[in-house]
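Here is the structure we will look at.
Please treat every number below as a calculation from the coordinates, not as lab data. Computed from a prediction, not measured in an experiment: that's the story for all the values here. Positions of Cβ are generated from backbone atoms using ideal geometry, with glycine treated the same way; all protein chains shown enter the neighbour counts.
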Amino acid sequence: MNYKITEIDPSEYPHVVDLWEASVRATHDFLPEEDILFFKPLILNEYLKAVELNCVRADSGKILGFSGVAEGNLEMLFIHPYQAGKGIGKTLLDHAVLLQRVDKVDVNEQNPRALEFYLKNGFKVIGRSEVDGLGKPYPILHMEFKPEMNQNQVLNT
């Protein structure tokens, strides 16, 4: 399917946060409820305005998935759980890499689907932190885009 990428208006932030929450609940089973509730206002009030936001929309205009980029880092990539596996994440990632010059992403170690997605798409693990950026006990894998590496090289790191 051919998806069109559009920007997100600040008036749409509440919808973006709803999508973020649905995605997190579907993919981040390691996060307790209190941490989802902790992160939710940070996403809405700080993180969304700190990145360049793009999205894929349904014909109705509803946001199906979104990405946030800052200074060559893919800071966020979330797809509505009912839209997973349809190429929306790949479309957003390709846009970020090719047009926004993204070459780095951090991934929760406890999110194996995300890790596999980035490995399949040319990223390689280059480091690890025991805690996330806020000091919470969620190990982070630091990844870098290495398109010259083939699949076997990436998986054997």
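For the reader, a short list of remarks on this structure follows.
- Three-way shape call for the range 87-128 based on the alpha-carbon gyration tensor, with the a/c threshold at 1.5: oblate
- Which listed pairs, of LYS86/LYS136; LYS62/LYS136; LYS62/LYS90; LYS40/LYS146; LYS62/LYS104; LYS62/LYS146, have C-alpha distances above 30 Å, in listed order: LYS86/LYS136; LYS62/LYS136; LYS40/LYS146; LYS62/LYS146
- The Cα-based radius of gyration and maximum Cα-Cα distance (Dmax) for the range 11-157 are 14.8, 44 Å.
- Among ASN121, ASN45, ASN108, the residue with the largest mean-square fluctuation in a Gaussian network model of the chain, with springs joining Cα atoms closer than 10 Å, is ASN45.
- Simple Cβ-charge dipole of the chain, Lys/Arg +1 and Asp/Glu -1, about Cα centre, in debye nearest 20: 520
- Space enclosed by the convex hull of the alpha-carbon atoms of the range 48-128, per residue, Å³: 103
- Only one residue of ALA50, GLY135, PRO112 has its Cα farthest out toward the positive end of the dipole of the chain, where Lys and Arg carry +1 and Asp and Glu -1 on Cβ, and that residue is PRO112.
- The slack between ARG128 and PHE30, meaning 0.36 nm per residue of separation minus the straight C-alpha distance, is 33.5 nm.
- Of the three principal axes defined by the Cα atoms of the range 1-87, the extents in descending order read 37, 26, 25 Å.
- Residue-averaged 222 nm ellipticity for the chain, from DSSP H runs of 4+ at -39500 (n - 2.57), nearest 500: -9500 deg cm²/dmol
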